[in-house]
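Visitor: Handing you this structure, nothing more for now.
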């Protein structure tokens, strides 16, 4: 049974697609550089550098840094509020808070907007700590290394931890750290395109929350 619950953020707890896409489009326009993929193909979830390069793979270092600066100006001060909390997410958060289960966020989103979102939603009461791709020095900027840092800094055991995320890459990162994984498909995911042997939750309701809760030590 588990003692610790770790969540991804974008696509798992919140839908931040609108704010991120608007910030990206405005940032490319301000830099006078084209986005070379269709608007609907802009991917939400990877680290910022990767997301920008997916929009235009031909950027040089100077162009990339310029767009990143413009994006931070847009997203970190305004567009981070353009989000939607997935239906019934607070059912999970409230249930585990009442059960005194320690919860964490581990996300590819940068720390500053992540913290602003948590404050904006008044979610500080739920999470013991937040781990973002840029908060700690990582030998390689990856979710795998970030989860490793989380285990080390919190002094918790992988076998007592469960990670919930909406991407197959989240499963890979947790597996490489020997952390158990459950897929969040309530906002959509890429799981059914892959061969998988982990549990997937398609909808958050009392039944699925109670089933999840039964996996934890009370």
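The values are calculated or read from the model by the stated rules, or taken from the named source; none is laboratory data. Keep in mind the model is a prediction, meaning the values are calculated, not measured. So basically every Cβ, Gly included, is an ideal-geometry build from the backbone, and we count neighbours across all protein chains shown.
Visitor: Checking the structure you have, find out if any residue of region 178-190 is assigned to a helix (DSSP H, G or I) and assigned by TED's automatic domain parsing to the domain that holds residue 92. Please lay out each step first, then the result.
Guide: So in region 178-190, the residues assigned to a helix (DSSP H, G or I) come out as none.
No.
Visitor: Sort out for me the helices (runs of 4 or more DSSP H) sitting completely within region 1-82 that have 2 or more residues that are farther than 15 Å from residue 108 by Cβ and without any contact (Cβ under 8 Å) to a residue 24 or more places away in the chain. Explain how you work it out, then say what you get.
Guide: Numbers: elements: 17-30, 48-55, 61-75.
Because the criterion is at least 2 residues that are farther than 15 Å from residue 108 by Cβ and without any contact (Cβ under 8 Å) to a residue 24 or more places away in the chain, the helices (runs of 4 or more DSSP H) in region 1-82 that meet it are 17-30, 61-75.
Visitor: Just wondering, is there one or more residues in region 108-116 that are surrounded by fewer than 17 Cβ atoms within 10 Å (Cβ to Cβ), in contact (Cβ under 8 Å) with a residue 60 or more places away in the chain and either within 30 Å of residue 212 (Cα to Cα) or in contact with a strand residue (DSSP E or B) (Cβ under 7 Å, 6 or more places away or on another chain) (or both)?
Guide: No, there is no match, as no residue in region 108-116 is surrounded by fewer than 17 Cβ atoms within 10 Å (Cβ to Cβ), in contact (Cβ under 8 Å) with a residue 60 or more places away in the chain and either within 30 Å of residue 212 (Cα to Cα) or in contact with a strand residue (DSSP E or B) (Cβ under 7 Å, 6 or more places away or on another chain) (or both).
Visitor: Which of (1) under 14 Å from the mean Cα position of the chain (by Cα); (2) closer than 19 Å to residue 187 by Cα is the odd one out, the single condition residue 87 does not satisfy?
Guide: (1)
Visitor: Can you pull out the residues in region 18-38 that are closer than 22 Å to residue 86 by Cβ and either surrounded by fewer than 13 Cβ atoms within 10 Å (Cβ to Cβ) or in contact with a strand residue (DSSP E or B) (Cβ under 9 Å, 6 or more places away or on another chain) (or both)? Steps first, answer last, please.
Guide: Taking region 18-38 and keeping what is closer than 22 Å to residue 86 by Cβ, we get 18-24.
Of everything in region 18-38, those that are closer than 22 Å to residue 86 by Cβ and either surrounded by fewer than 13 Cβ atoms within 10 Å (Cβ to Cβ) or in contact with a strand residue (DSSP E or B) (Cβ under 9 Å, 6 or more places away or on another chain) (or both) turn out to be 18, 20.
Visitor: Shifting gears a bit: Contact list please: Cβ distance under 7 Å, first residue in region 117-128 and in the same structural domain as residue 104 (by TED's automatic domain parsing), second residue crowded, with 18+ Cβ neighbours inside 10 Å and in a loop (DSSP other than H, G, I, E, B), pairs at least six apart or on different chains.
Guide: From region 117-128, the pairs are 117/83.
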